[in-house]
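Read the structure below first, then the notes.
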Amino acid sequence: MLMNRARAFIFDLNGTMIDDMTFHVKAWYHILNEDLGASLSVEQVKIQMYGKNTEVLERIFGKDHFTLEEAEKISLEKERRYQEAFRPYLKLIEGLPDFLEAASKKRIPMALGSAAIPINIDFVLDNLGLRHYFSAIVSADDVIHSKPDPETYLKAASRLGKSPGDCLVFEDAPKGVESAERAGMQSVVLTTMHAKEEFRQYSHIVAFIKDYRDPYLQQLL
């Protein structure tokens with residue numbers, strides 16, 4: 001059941017604001033297999049794609065397999081390839097421009113809470129002219145513990161000056177929904193990358209939507 005009315009919105013980025021996850025999968029797939037010899041299937045790559053890039057590498061190759069400098073170099077190369085491939089398709093998910101504008105006019109504070117590194121957040125916000133909508137931004141560099149830990153969303157709420165229970169999270173991934181739930185926040189789930197059945201263990205989901213044209217969203221404003 002939805003709270004009386006959310007006092008703040010917190011958005012994940014990849015797969016939630018932009019439909020780009022297949023581009024991340026491809027970039028990781030080629031880096032991990034062709035450059036690093038991991039021999040993973042596409043599905044195995046998808047399973048590992050959460051949290052910080054350095055954590056992805058650690059889960060696959062083990063702790064201390066790469067130095068921090070090596071891991072960061074791999075991370076930046078992965079993002080370079082992702083941005084190069086996705087740039088021609090960069091746009092917000094259908095209905096989101098109008099939803100952001102409507103929320104802004106209603107003076108609903110909004111934050112971005114993402115496991116993306118700053119260069120990817122800047123890539124989206126600055127190329128699409130969205131930065132003015134967000135009073136707070138939490139990136140991978142701002143947290144010690146990545147999703148599904150609640151730190152990202154708790155920090156976003158704190159920077160907005162709102163209690164967790166007043167915040168509604170927009171997410172696309174099970175680990176992100178778990179992060180929100182552990183932070184004491186309800187979620188709206190975008191089914192861009194994961195099917196509804198993959199979220200059955202979570203109880204704080206108020207709606208599943210294909211995009212931001214869904215009529216349900218009007219009651220949030």
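Any read-out appearing in this document is the output of simple, stated calculations on the displayed coordinates, not a laboratory observation. The structure displayed is predicted, hence computed values, not measured ones. FYI the Cβ positions are ideal-geometry reconstructions off the backbone, even for glycines, and counts take in every protein chain you see.
Brief remarks follow.
- Charges were assigned to the Cβ only: +1 to each Lys and Arg, -1 to each Asp and Glu. The resulting dipole of the range 21-88 about its Cα centre is roughly 280 debye.
- Amide H contacts of Ile18 (H built 1.01 Å from N, under 5 Å, at least 5 apart or other chain): Ile93
- Calculated FRET efficiency for the pair Ala195/Leu76, C-beta based, R₀ 30 Å, to 0.05: 0.40
- In the chain, the ratio of gyration radius to Kirkwood radius, Rg to Rh, stands at 0.96 when only Cα atoms are counted.
- Burial ordering of Val42, Val124, fewest other beta-carbon atoms within 10 Å first: Val42, Val124
- Residue-by-residue Karplus 3J(HN,Hα) for the range 204-210, coefficients 6.51, -1.76, 1.60, Hz, glycine and proline x: 9, 8, 9, 6, 10, 9, 7
- Student exercise, the range 108-188 dipole from Lys, Arg, Asp, Glu Cβ charges, in Debye to nearest 20: 160 debye
- Cα gyration tensor shape for the range 122-202, rounded if a/c is under 1.5, else prolate or oblate: oblate
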